[in-house]
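Presented below is the structure to which this report refers.
The values are calculated or read from the model by the stated rules, or taken from the named source; none is laboratory data. Just so it is clear, the structure is predicted and the values come from calculations on it, not from any experiment. Glycine gets a Cβ as well: all are built from the backbone with ideal geometry, and neighbour counts include every protein chain shown.
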Amino acid sequence: MSNVLPPPPGDLSYSALSPLISKVLYSKENIASRVSELGRQITADYAGVGRDLVVFGILKGVLPFQADLTRAIDLPLQTDVMTISGYRPENGQAPERRPPGVVRITKDLDIPVSGRHVLIVEDMVDTGLTLNFIARMIRQRQPASLAIATLFNREANRLALNLPIRYSGFDAPDDFLVGYGLDYRELFRNLPYVGILKKEIYSL
């Protein structure tokens, strides 16, 4: 597989990138409307928790969704981020024997969550293995409650069962999605819509 995209067009505007997208799945307006709905639902559900709501996301694809969602929640809250990297084997352990979904936390939460209501925000939940690992880790810190809000939910690929997904924006097809935080080789995150990347682009 090549490590480079096709040569970029002279004009690098959103419209110039459209030949790389086979279909716009959700427009900027579709996303804004759904995020507002989720914000209203979360506001209603957590209205009685006072200042004990903590909302955090797992960098970095979640940034646009987390920013818009927290602005749509009409409650006092604290927000934070966590960063993770792939599991690194230790003591000679072969990479193929690593526990499924296990990751290394490279930036943990700065906000304590014990006794507080925690909402994990994700851009997409696919197999759910990594998110399940993080959810179990947060539960060990004894929050008052734990729930997940995801913009895209790809249940067809789910391997982790009983994830506490309380808020889901859209069902995700089994396609390569880019835009609104979702990337291909760190590109396309800033597209205001979510589209399906042409297969020939990521199959090069």
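Quick notes on this one:
- Contact map, region 55-74: first residue more than 21 Å from Ser85 (Cβ to Cβ) and part of a loop (DSSP other than H, G, I, E, B), second residue among the hydroxyl-bearing types (Ser, Thr, Tyr) and at pLDDT 95 or above, Cβ cut-off under 7 Å, separation 6 or more or different chains; pairs are Ile73/Thr43; Asp74/Thr43.
- Of Val103, Val4, all but one fail to be exposed (fewer than 11 other Cβ atoms within 10 Å of the Cβ), of a type in the set (A, V, I, L, M, F, W, C) and at pLDDT below 95; the exception is Val4.
- Residue within region 151-169 that is touching a Lys or Arg at 6+ places or on another chain (Cβ under 7 Å) and within 24 Å of Leu75 (Cα to Cα) present: yes
- Per the listing Leu197, Leu182, the residue uniquely more than 16 Å from the chain's Cα centre (by Cα) and crowded, with 18+ Cβ neighbours inside 10 Å is Leu197.
- Close contacts from region 126-139, counting a first residue that is over 15 Å from Arg104 (Cβ atoms) and hydroxyl-bearing (Ser, Thr, Tyr) and a second that is modelled with pLDDT under 95 and in a helix (DSSP H, G or I), with Cβ to Cβ under 7 Å and a gap of 6+ residues or different chains, come to Thr127/Asn157.
- Some residue of region 150-158 being without any contact (Cβ under 8 Å) to a residue 12 or more places away in the chain and surrounded by fewer than 14 Cβ atoms within 10 Å (Cβ to Cβ): no
- Strands (runs of 3 or more DSSP E) lying entirely in region 116-204 (those with 2 or more residues that are among the hydrophobic types (A, V, I, L, M, F, W, C) and closer than 18 Å to Tyr26 by Cα): 117-125, 145-153, 194-197
- For beta carbons closer than 6 Å, sequence separation of 6+ or different chains, a first residue in region 95-121 that is over 26 Å from Arg158 (Cα atoms) and acidic (Asp, Glu) and a second that is in a strand (DSSP E or B) and at pLDDT below 95, there are no qualifying pairs.
- Output for region 75-89, where each listed residue is of a type outside the set (Asp, Glu) and either under 17 Å from Ile111 (Cα atoms) or modelled with pLDDT of 95 or more (or both): Leu75, Pro76, Leu77, Gln78, Thr79, Val81, Met82, Thr83, Ile84
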